[in-house]
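A short worksheet on the structure shown next.
The values are calculated or read from the model by the stated rules, or taken from the named source; none is laboratory data. The model shown is predicted, which means the values in this text are computed figures rather than measured ones. Cβ placement follows ideal geometry from the backbone for every residue including glycine, while neighbour counts extend to all protein chains displayed.
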Amino acid sequence: MTTTVTPQKISPETAANVTGFIQNCGGGPKLSEKYEGNGFSSDLIRSVLKTQHIHRGRVTCILTVKPYVCNAYNTFHGGAVGSVAEMVAIACARTVVKEDKELFLGELSISYLAAAVKHAEVIVDASVVRSGRNLTVVAIEFKLKDSERLTYLCRATFYNMPVASL
């Protein structure tokens, strides 16, 4: 049995409505332990991506919108868009930033322009906009493969941190 803790100012009806809404959108009680292992979400996101091209400063992948990364409207979930954008941006930044530097994601902005529906194939194209000694900026475009319609635009800013030598 799940217990909801609410402040005194919220009525039980409002709490029940919010809880019902979250459950209708796919949220619910705690996930099973098998889904909480270290790296599970990375494996989940990696399973929808297939690498097409890797060049210096550019990475292209094909993404298949599988049912387990869809929201209640059977479109690509916004959180999954962010996870894919981060993963592809890191891969793209690594083509120009030396391995001895640690990357720290400072900012990730996403523009949701159109929805990618379940089972759609999407081209994810990342390219380095700027890379300097302390900063790397990567732009990521998501386009539907069949129509080349732009669905999501992202920009990731990484701080390049040198590894301390002790």
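Name the single residue, out of those in segment 133-152 being surrounded by fewer than 16 Cβ atoms within 10 Å (Cβ to Cβ) and aliphatic (A, V, I, L, M), that is modelled with the highest pLDDT.
Ranking the qualifying residues of segment 133-152, first place goes to Leu150.
Being surrounded by fewer than 17 Cβ atoms within 10 Å (Cβ to Cβ) and of a type in the set (A, V, I, L, M) is the filter; apply it to segment 49-89 and report the residue that is modelled with the lowest pLDDT.
Taking the candidates together, the pick is Ala72.
Being free of Cβ contacts under 8 Å to residues at least 12 places away in the same chain, at negative phi and in the same structural domain as Arg58 (by TED's automatic domain parsing) narrows it down to one residue among Lys98, Lys118, Lys145; which is it?
Lys98
What are the residues in segment 42-100 that are of a type outside the set (Gly, Ala, Ser), more than 21 Å from Glu148 (Cα to Cα) and part of a loop (DSSP other than H, G, I, E, B), if any?
Arg56, Asn71, Tyr73, Arg94, Thr95, Val96, Val97, Lys98, Glu99, Asp100
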